[in-house]
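Novice: The structure follows.
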Amino acid sequence: MSRARANGLVVLLWLGLAASLVLFQAVPQNVVAPPRPTPEPPAPTTQKAEAPVQLPAPPRLEAAAAAPAPPPDAPAPPAPKVVKPLKPAPAPTKPLPAPKAKVVEALKPTPTPAPKPEPKPEAAPAPKVVQALAPAPAPSPVETAAPPMPETITVAEPEAKEGRTLLRLLEHGSGPEIELAWPETSAGRARLFRHLRACQGMELAVMDAAGELLRNGAPWRPNLDRYSGFLRRPSGQLQPEERRLVQFGGQAVRLFPRQVDALLLGGLHALIGADYGRLAVIHGRYRLDGGKVLIDQVTGDGRSFPGRIDLSPAARGCGHGLT
């Protein structure tokens, strides 16, 4: 049989096979599928139920019929190559040596440079210790030096003679004006008043407007050889005796023996010195000290002249006087 005839027979066989497949699909097949047995409920299990797996439907024959038949003289398709699985590599009989671990030497820590010592601050100068001065101990009463007493001038005969000369000048209106203050307290004034009356020979009188002296309301002319013409006019509060005298009118005055005023003026001249005649006003103060009548706190025209004058030599036989 020729090769062309053989190919024709193959084609006819393919065609007949395709026609039978078509007819088989066209005729309805009354095939009743047997009922499936009801599956028994699965035994309770702790596992979850598995979902049924549905396989895909087989491909229809139309696709196979649609494929064109190979020509009779087409060469047969090459047989598929059979790929043999690779043999597993034989396990090594000796274990491979473990790779040596690289020894990484730890880096040595970089030595930290020692901190430079900070410059020491200059030491502050030590504060000066000022030792407090201990208070001076209070001197005992025995050690306390009494303030120096002012010089007391006791008028001797030369000073008394100079004083009598100054008294005559004063009586004629020549020389400084002299003012003598009495003690500030009334008791001190009363004590001095009694002493001057009893021991220094002080006399009281009243001067009228005409300059005439009166005693007990009658004119009185004192003996100027005995009494000084240096009259004192008291100011301020009068003593009781003086108040009784002036009730008849006039100005109360006080008179001293000439010896007392000579001692007073001679002592002031000795205390002040050569400036006595150039002064306009001399101030002094009476002081009664242990029965002695003293004149201190002497100033002349604002200048101070320390010292005091003792008038006790002119006392009239009363001892230390009245206190």
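The values are calculated or read from the model by the stated rules, or taken from the named source; none is laboratory data. Everything numeric in this text was worked out from a predicted model, so none of it was measured. Please note: Cβ atoms are built from the backbone with ideal geometry, for glycine as well, and neighbour counts cover all protein chains shown. We work out accessible area using only protein heavy atoms, side chains counted, and drop any ligands, DNA or RNA first. Shrake-Rupley method; radii C 1.70, N 1.55, O 1.52, S 1.80 Å.
Novice: Under a 5 Å amide H to amide H cut-off, with H placed in plane at 1.01 Å, what residues pair with Val293 once short-range neighbours are removed?
Specialist: Counting only residues 5 or more places away or on other chains, the set is Leu311, Ser312.
Novice: Taking a quarter of the surface of the convex hull around the Cα atoms of segment 156-278, what do you get in nm²?
Specialist: Orientation-averaged projected area of the Cα hull: 8.4 nm².
Novice: How would you classify segment 223-323 from its alpha-carbon gyration tensor, with a ≥ b ≥ c the square roots of the eigenvalues: rounded for a/c under 1.5, else prolate if a/b is greater than b/c, otherwise oblate?
Specialist: prolate
Novice: Hey, with R₀ at 51 Å, roughly what FRET efficiency would Asn223 and Ser304 work out to, going by the Cβ-Cβ distance, to 0.05?
Specialist: With R0 = 51 Å, the Cβ-Cβ based efficiency is 0.85.
Novice: Need the full-extension length gain, Phe248 to Gln297, defined as separation in residues times 0.36 nm minus the C-alpha distance. One decimal, nm.
Specialist: Length difference between fully extended and current span is 14.0 nm.
Novice: On average, how much accessible surface per residue is there in segment 180-323, in Å², for a 1.4 Å probe, leaving out ligands, DNA and RNA?
Specialist: 51 Å²
Novice: Given a 1.4 Å probe and every protein chain left where it sits, what share in percent of the accessible area of segment 180-219 is carbon and sulfur?
Specialist: 49 percent
Novice: Next question. Sorting check: for 194-202, 260-268, 170-178, which peptide has the highest mean count of neighbouring beta carbons within 10 Å, and how do the rest follow?
Specialist: 260-268, 194-202, 170-178
Novice: Mind jotting down the distance between the C-alpha centroids of segment 278-314 and segment 217-258, whole Å?
Specialist: If you average the Cα positions of each part, the centres end up 22 Å apart.
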